[in-house]
Amino acid sequence: MISKLPKYLAVFSLMWLFVISCSPQHQQSTFANAGPVAQQQSNLYYLMFWIAALIFILVQGALIFALLNFRRREKPIPGSDFTVPDIPPKQVHGNTKLEIIWTIIPALILIVIAVPTVRIIYETYEPPENSDPLEVVAMGHQWWWEFRYPDEGIVTANELYVPTDRPVRVTLQSQDVIHSFWVPQIAGKKDTVPGNTNTMWLQVDEPGNYSGQCAEFCGVAHARMRFRVIAEEEADFNNWLESMKTPPKMDTSEGYGLFLAHCSMCHSIDSYNNGSYEKELTMQDERWDDWYFNQEESVRVSAPNLTHLGIRTMLAAGQKDMTKENLIAWIKDPSEFKRGTRMQSVASVYKGGPAKLEDYEIEAIADYLLAQIPEGWGVAKSGGEAEEEEEALVWNTPEEHGEYLFVNQGCAGCHSLNEEEVIVGPSMYGLIDRSGDKVSGLSEEEYIYQSIVYPNEYIVEGYPANVMPQIFINLSEEELQALVSYLKTIK
Ligand code: CUA
């Protein structure tokens, strides 16, 4: 008995593990229902659980009763001290009446379970009628979530803001493989399937953060494909909607240039602009196609939208908290942080290893990203902050202005100024001599101008397309002219 003790202890502690995993205190417990959909799914679960528990007790009870009462026993021979072995009981085969009963009973149980199951399955597809749901598209990617608000023109990633007490219709899609959208306390699971659209809905009763998780094995980082539902009272939610359409306090720090040069091929950062929603959807498809059809050479792949990253609470799809320290570690060596991420195998700045950037440059990018906070965000809550005066920049000549833009818009991150060095794109050395007869009918200035605004139409031989960010169309005419003036001076 003593020697068996460790074995019992091991079994007991394993059972204990199972039991605590059911605790409603756990943030991914399906027992801590926080909305009507989860509540309904729980009710169905409890119905089945108690029916199963009753059957278990009846069957086990009958088994134990039979074991004890009909076990083989020795019988004493009357008038002597001897016993004889028991004679086997009468053996019976088949009983029509019993067989009919134990066929009908399970059939009835199945009906009792099936009716509410089918009803609830259908009810989870669409929000209740006349309920004015919020429309959200949840798009699964390896290994992160893209959330789109088509009626609001907002795209974000990994953190889904919803209002409380209002149904949210979630349209489920995937760009690559099958994932599954699951917020244990609120609703789920339902698969996101490439080429097929599923729908479900959810509703949250109380403001708070609710943990979500991809629930379908989708590759190496499946377990690290988390997300968060952030539920807010209607007023706070509307404030968030507005904030997402408000530009950040503009920050043209060094980090901005570095970001444009190394990160902006895959990550959009300015989706607060009008009309950027459609642009982002198209870009995301292009990035994906680019990578999918040429995985060896592509330098971009679909990636999370980083607009207003500074207000996010998590990093790398829930891998870590959003802190400067974590962000730096993530930029430096993403695969060390989260195995499977494509960042390192695709982006030119990594080429399979740690970022080819100095520590201060990585810090500058992190500072820039964390400063991506909508203007006025949190001011209402914290009681108002003094506005900092922005220092006005003055340039004496267009060339000087152009040089500033060349560095601060990120051009310098990819284009060197000397003949020998090639960073990512062609060197700017001797640009003016090369551009004279490049395209017939275009002057030198026009050629340079066009190459900035429509980079893909003026690819220099030997360099891949789609590498240069096509965002310079956002520069003002004056800024573009200044850039051209500056580029002309590089001899
Ligand atoms: Cu996506 Cu598992």
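Our coupling estimate for segment 137-147, obtained by passing each phi through the Karplus curve with A = 6.51, B = -1.76, C = 1.60 and θ = phi - 60°, is 10, 9, 10, x, 10, 6, 9, 6, 10, 9, 10 Hz, Gly and Pro reported as x. Each other residue within a Cβ distance under 15 Å of GLN185 adds +1 if Lys or Arg and -1 if Asp or Glu, for a net charge of +1. Relative to the longest principal axis of the Cα atoms of the chain, the long axis of helix 96-125 makes an angle of roughly 20 degrees. Panel order for VAL467, VAL170, by other beta carbons found within 10 Å of each beta carbon, from fewest to most: VAL467, VAL170.
Rounded to two decimal places and with Rh computed the Kirkwood way over Cα pairs, what is Rg over Rh for the chain?
1.18
Between the Cα long axis of helix 398-408 and the first principal axis of the chain there is an angle of about 20°, rounded to the nearest 10. Using only side-chain charges placed at the Cβ, +1 for Lys and Arg and -1 for Asp and Glu, the dipole size of the chain relative to its Cα centre rounds to 4660 debye. Proximity of backbone amide H atoms, modeled 1.01 Å from N, is registered between ILE154 and TYR149 at under 5 Å, excluding neighbours fewer than 5 places apart on the same chain. Our summary gives segment 1-145 a relative contact order of 14 percent, counting only alpha carbon pairs under 8 angstrom and 6 or more residues apart.
Based on alpha carbons, the Rg and Dmax found for segment 21-118 are 23.4, 75 Å. Counting only residues at least eight positions apart within a chain, or on another chain, the lysines with an alpha carbon under 22 Å from that of LYS75 are LYS90.
So for the chain: antiparallel DSSP bridges make up what percent, rounded to the nearest 5? Percent antiparallel among DSSP bridges in the chain is about 70. Rounded to whole numbers, the Karplus 3J(HN,Hα) couplings from phi for segment 286-294 are 5, 4, 5, 4, 4, 6, 4, 8, 8 Hz, using 6.51 cos²θ - 1.76 cosθ + 1.60 with θ = phi - 60°, and x at Gly and Pro.
Could you estimate the translational diffusion coefficient of segment 292-354 from the Stokes-Einstein equation, with Rh from the Kirkwood formula over C-alpha pairs, at 10 °C and 1.306 mPa s, in whole µm²/s? Each step should come with its number before you reach the end.
On the way: Rh = 12.6 Å.
This corresponds to a translational diffusion coefficient of 126 µm²/s.
What value, in deg cm²/dmol to 500, does the helix sum -39500 (n - 2.57) over DSSP H runs of n ≥ 4 give at 222 nm once divided by the residues of the chain? Show your work: numbers first, answer last.
Details: 16 runs with 194 residues, N = 491.
The helix contribution divided over the chain gives -12500 deg cm²/dmol.
Would you mind checking the tilt of helix 234-244 against the longest principal axis of the Cα atoms of the chain, expressed as 0 to 90 degrees and rounded to 10? With both axes taken from Cα atoms, the answer is about 40 degrees. Each listed q (0.10, 0.16, 0.19 Å⁻¹) maps to a log10 I(q)/I(0) for segment 139-296 from the Debye sum over equal C-alpha point scatterers, namely -0.40, -1.02, -1.34. Select from TRP144, CYS218, MET200 the residue farthest towards the positive end of the dipole of segment 120-242; place +1 on Cβ of Lys and Arg, -1 on Cβ of Asp and Glu, and compute about the Cα centre. Result: CYS218. DSSP finds beta bridges in segment 62-207, and of those with both partners inside it, around 75 percent are antiparallel. A simple rule links phi to the HN-Hα coupling: the Karplus curve 6.51 cos²θ - 1.76 cosθ + 1.60 with θ = phi - 60°, which for segment 482-491 gives 4, 4, 4, 4, 5, 4, 5, 7, 7, 10 Hz, with x for Gly and Pro.
Positive-end ranking of TYR256, ILE269, GLN319 along the dipole of segment 243-360, with charges on Cβ about the Cα centre, is headed by GLN319.
Quick note: the coordinates plus some simple rules give every number you see, no bench work behind them. A quick note: this is a predicted structure, and the numbers were derived from the prediction, not measured. Neighbour counts are summed over all protein chains in view; Cβ atoms, including those assigned to glycine, are modelled from backbone coordinates with ideal geometry.
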